[in-house]
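Structure first, commentary second.
The values are calculated or read from the model by the stated rules, or taken from the named source; none is laboratory data. This one's a predicted model, so the numbers in the text were calculated from it and none came from an experiment. With ideal geometry, Cβ positions are generated from the backbone for all residues, glycine too; neighbour counts draw on all protein chains shown. SASA here: full protein model, heavy atoms, side chains in, ligands and nucleic acids out. Shrake-Rupley method; radii C 1.70, N 1.55, O 1.52, S 1.80 Å.
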Amino acid sequence: MTRRQELAVLALLALLAQIAPLASLAAVECGAIAELAADGMTISEAAAVPASDEVPVAHCLVRGRMAERVGTDGLPYAISFELRLPDDWTGRFAHQFNGGNDGAVVPALGRLGVLPANDGALARGFAVVSSDAGHDGSAHPEAGLVGGNVFGLEFEARRDYGYGAAATLHPAAIALTEAYYEAPVRYTYGLGSSNGGRHALVAASRMAGSFDGLVAGYPGFKLPRAALQHAWDVQTFRSVGDSLAEAFTRNELDIVAAHVLLACDGLDGLEDALVFAIDDCQTAFDPESLVCGAGEPDDCLPEPKAAALVRLLGGPRNSAGEQLYSEWDWDTGIASDGWRTWKLESPVAPWDHKPIIAVMGAGSLAQVFTTPPTLLAGDAASLEAFLMEFDFDVDAPKIDATNAAFPESAMDLMSPPDADAPTLDAFEAAGGKLIVFHGVSDPVFSFRDTANWYESLLDNNPDGAGFARFYAVPGMPHGPGGVAPDRFDILTPLIDWVERGNAPGPLVATVREDNEAASARLRGATRKLCPWPSIARYTGNEPTSSDSFGCSDAN
């Protein structure tokens, strides 16, 4: 064997050592893992779980709690968690950040909506932890529809939700994992979407040295500011409808999407119902084209409704005209079921079929995102009334307010400390890698806000693209849905970047075969998602293949 061959074999052995399962090193049987728990951690359940169709790997399921306390409101609090330890462990650990108001321990499978159902960190041999972020969202049924927001009346619970619980649980969960396998965690990841994406961006700033790689999907990283949009939306919709559901019919939003396509579909070189030339579209599309003229057919809107959409996508402002959150992009997903469920109506009968923003959004704005919090009755009518009466001069500043009971504002608690001027210097110095993705049609967290954040990062840190990448998903609302290429592998590129130094390029995304919103000819088609600010442009040949697209500058 030559010296070159010897070196090649040694390199291969080193690579195999990095990914080899470490299950044989388990210190105890799964059921006895409580013996390894640190002081202050209580293990309530530990059981071996066989592989199944739903979870394709055998693993040890651990449930417990830590940081138990009595709050200033006299109520009990704790960080409840679930840790899943695969029998065939790769040495990787993932902190799964959850969505909504947290308050529930979502199964620690390490999944993201853009991945196939059975895929995720656990299925790939990661140890995965998940938590309720320090409060039980089901603890107050007497509060009705605001029961999940009661925790916002207690400052420490707010802080745990914002950043404290993740910072407390993370090292403890890693220590338990390492004690179980009697081996160090080799690579540490964090992943989440929506509020979970917010957690990931907060971790990049506040826990810079704790993660080798992070995925932040459609992140609500300015959560309280985004909540101002809920009041803006409801007031705008009610100006053109007797109810939220009646403000815009499905047909009217289909008309809007059709007009966007008419102006923008071919800007990326191919008319395929997918608008990749996102910035160009904002210039090319004229909202005046929506307005019905004399004698025009029915594929148009009354002027007040077109004006309402312009106001809506312009974002909330106070009476001085100051922007309070962000602008939004014109995109086809405005006609999606997801957009409608968030903004206009839901299938939830106990909510009186109100949309998510008028129930969960209203309760959060009132009791979690403003100081002092506003106590609300827990019925759908009262929640909508709160948003209708919200004053953008008087009430909006409360997201930045403090008092004796709440010494940190909601914005300080729930946003990255450098959200308005990101550099992520500490994260970069620690060698961390970050991938962010966002649907252009997201109805709850503005895609444009995330794009602006990323461009600001690149402006403030010339090396930003060396450790952070951002991908836009045209047509996608808040998670998979709409006419969109919303199925793609986001984990493999991150792992390759973290562990082998290969920076991600275009991602190959698929329009799902079961996507009923897409045309039959578009289902199964693949497209490139290019690293922002590049966009995919059609270069010729087979229009259903990502190979027929190249990445180029947006303008």
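When the stretch 292-312 is filtered for residues that are open to solvent by 20 Å² or more (accessible area, probe 1.4 Å) and within 16 Å of Ser446 (Cβ to Cβ), the ones remaining, listed by number, are Val310, Arg311.
Annotation: Gly91 fulfils all but one of (1) under 21 Å from the mean Cα position of the chain (by Cα); (2) open to solvent by less than 30 Å² (accessible area, probe 1.4 Å); the unmet one is (1). Looking at Pro355, is it more than 30 Å from Glu455 (Cβ to Cβ) and out of contact with any Phe, Trp or Tyr (no Cβ under 7 Å at 6 or more places or on another chain)? Considered against the rule, which asks whether it is more than 30 Å from Glu455 (Cβ to Cβ) and out of contact with any Phe, Trp or Tyr (no Cβ under 7 Å at 6 or more places or on another chain), Pro355 comes out as no. Scanning the stretch 294-312 for residues that are among the charged types (D, E, K, R) and more than 29 Å from Tyr325 (Cβ to Cβ) returns Glu296, Asp298, Asp299.
If a residue has to be small (Gly, Ala, Ser), more than 13 Å from His438 (Cβ to Cβ) and in contact (Cβ under 8 Å) with a residue 40 or more places away in the chain to count, how many in the stretch 197-246 make the cut? Don't jump to the end; show me each part of the working.
Initially, the stretch 197-246 is screened for residues small (Gly, Ala, Ser), giving 197, 200, 203-205, 208-210, 213, 216-217, 220, 226-227, 231, 239, 241, 243, 245.
Next cut, more than 13 Å from His438 (Cβ to Cβ) only: 203-205, 208-210, 213, 227, 231, 239, 241, 243, 245.
Those left that are additionally in contact (Cβ under 8 Å) with a residue 40 or more places away in the chain: 203-205, 208-210, 213, 227, 231, 239, 245.
Number of matching residues: 11.
Note on the stretch 38-78: residues that are within 21 Å of Leu109 (Cα to Cα) and touching a residue at least 60 places away in the same chain (Cβ under 8 Å) total 9. Output the residues belonging to the stretch 279-291 that are open to solvent by less than 40 Å² (accessible area, probe 1.4 Å) and either outside any helix (DSSP H, G or I) or at pLDDT below 95 (or both). Once the filter is applied, which keeps residues that are open to solvent by less than 40 Å² (accessible area, probe 1.4 Å) and either outside any helix (DSSP H, G or I) or at pLDDT below 95 (or both), the stretch 279-291 yields Phe285, Val291. At least 2 residues being touching a strand residue (DSSP E or B) at 6+ places or on another chain (Cβ under 7 Å) and not aromatic (Phe, Trp, Tyr) is the threshold, and among the helices (runs of 4 or more DSSP H) wholly inside the stretch 294-390 those reaching it are 303-314.
Pick from Tyr189, Tyr161: which is hydroxyl-bearing (Ser, Thr, Tyr), closer than 30 Å to Val348 by Cβ, under 19 Å from the mean Cα position of the chain (by Cα) and not in a loop (DSSP other than H, G, I, E, B)? None of the other options fit; the residue is Tyr161. Where residues in the stretch 433-458 are outside any loop (DSSP other than H, G, I, E, B) and aliphatic (A, V, I, L, M), which of them is most open to solvent (accessible area, probe 1.4 Å)? Applying the filter and picking the extreme gives Leu458. When Asp136, Asp132 are checked against the criterion of being surrounded by fewer than 24 Cβ atoms within 10 Å (Cβ to Cβ), without any contact (Cβ under 8 Å) to a residue 60 or more places away in the chain and under 14 Å from Ala78 (Cα atoms), a single residue qualifies: Asp136.
Would you pick out the residues in the stretch 473-530 that are free of Cβ contacts under 8 Å to residues at least 24 places away in the same chain and surrounded by fewer than 18 Cβ atoms within 10 Å (Cβ to Cβ)?
Passing the criteria: Thr492, Asp496, Arg500, Gly501, Asn502, Glu513, Asp514, Glu516, Ala520, Arg521, Arg523, Gly524.
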